Amino acid sequence: MSFHQIEHELLKRREQAESVRGKDTPFRVEFRYHGGTKHWQYFVTFEDASRAEDSVCSYTPMGRGYVERPRSQQIQARGPRGGWRKERSL
């Protein structure tokens with residue numbers, strides 16, 4: 001995987017975070033990766049959350065780049081007292 005492909009993946013993540021900065025975000029998507037790593041992305045609408053994509057970009061000790069996709073993901077909604085709960089499918 002080339003440096004430019006990894007930069008493109010990181011750019012998508014930065015653009016998504018910038019698009020919701022300062023807004024009320026009632027939805028989030030939890031992405032789960034191999035080894036128990038979790039990432040969250042926050043969204044304003046359920047439709048945006050249902051189209052969410054994520055990846056982890058890194059390099060091996062030998063210097064080869066790779067992109068890892070999540071093993072599972074779950075849409076969550078903000079609860080009435082501030083916690084997060086699994087969103088039911090519509």
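The values are calculated or read from the model by the stated rules, or taken from the named source; none is laboratory data. Fair warning: this is a prediction, and the values are worked out from it, not measured in the lab. Cβ coordinates were reconstructed from backbone atoms using ideal geometry, including for glycine residues, and neighbour counts include every protein chain displayed.
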If we ask which residues in the stretch 1-40 are in contact (Cβ under 8 Å) with a residue 60 or more places away in the chain and not in a helix (DSSP H, G or I), their number turns out to be 3
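State which residue is farthest from Gly83 (Cα to Cα) when the search covers only the stretch 29-39 and only residues that are at pLDDT below 95 and surrounded by 12 or more Cβ atoms within 10 Å (Cβ to Cβ). Don't jump to the end; show me each part of the working.
The initial filter retains those residues of the stretch 29-39 that are at pLDDT below 95, namely 33-39.
Cutting the leftovers down to surrounded by 12 or more Cβ atoms within 10 Å (Cβ to Cβ) gives us 33, 37, 39.
Working: Tyr33: 22, Thr37: 20, His39: 17 Å.
This residue is Tyr33.
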Suppose the filter is under 13 Å from the mean Cα position of the chain (by Cα), farther than 16 Å from Gln74 by Cβ and either at pLDDT below 90 or loosely packed, with under 13 Cβ neighbours inside 10 Å (or both); does Arg21 pass it?
no
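Check whether at least one residue in the stretch 57-67 is surrounded by 15 or more Cβ atoms within 10 Å (Cβ to Cβ) and at pLDDT below 90, and report yes or no. I'd like the intermediate steps shown before the answer.
Our first condition is that a residue be surrounded by 15 or more Cβ atoms within 10 Å (Cβ to Cβ); within the stretch 57-67, this holds for 57, 65.
Narrowing the set further to residues that are at pLDDT below 90 leaves 57, 65.
For the stretch 57-67, residues surrounded by 15 or more Cβ atoms within 10 Å (Cβ to Cβ) and at pLDDT below 90: present.
Any chance the stretch 41-48 includes a residue that's surrounded by 17 or more Cβ atoms within 10 Å (Cβ to Cβ) and not in a strand (DSSP E or B)?
First pass over the stretch 41-48, keeping only residues surrounded by 17 or more Cβ atoms within 10 Å (Cβ to Cβ): 41-43, 48.
Remaining after also requiring not in a strand (DSSP E or B): 48.
Yes; the residues of the stretch 41-48 include at least one that is surrounded by 17 or more Cβ atoms within 10 Å (Cβ to Cβ) and not in a strand (DSSP E or B).
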Name the residues in the stretch 33-78 that are of a type in the set (Gly, Ala, Ser), under 10 Å from the mean Cα position of the chain (by Cα) and more than 18 Å from His8 (Cα to Cα), would you?
Ala49
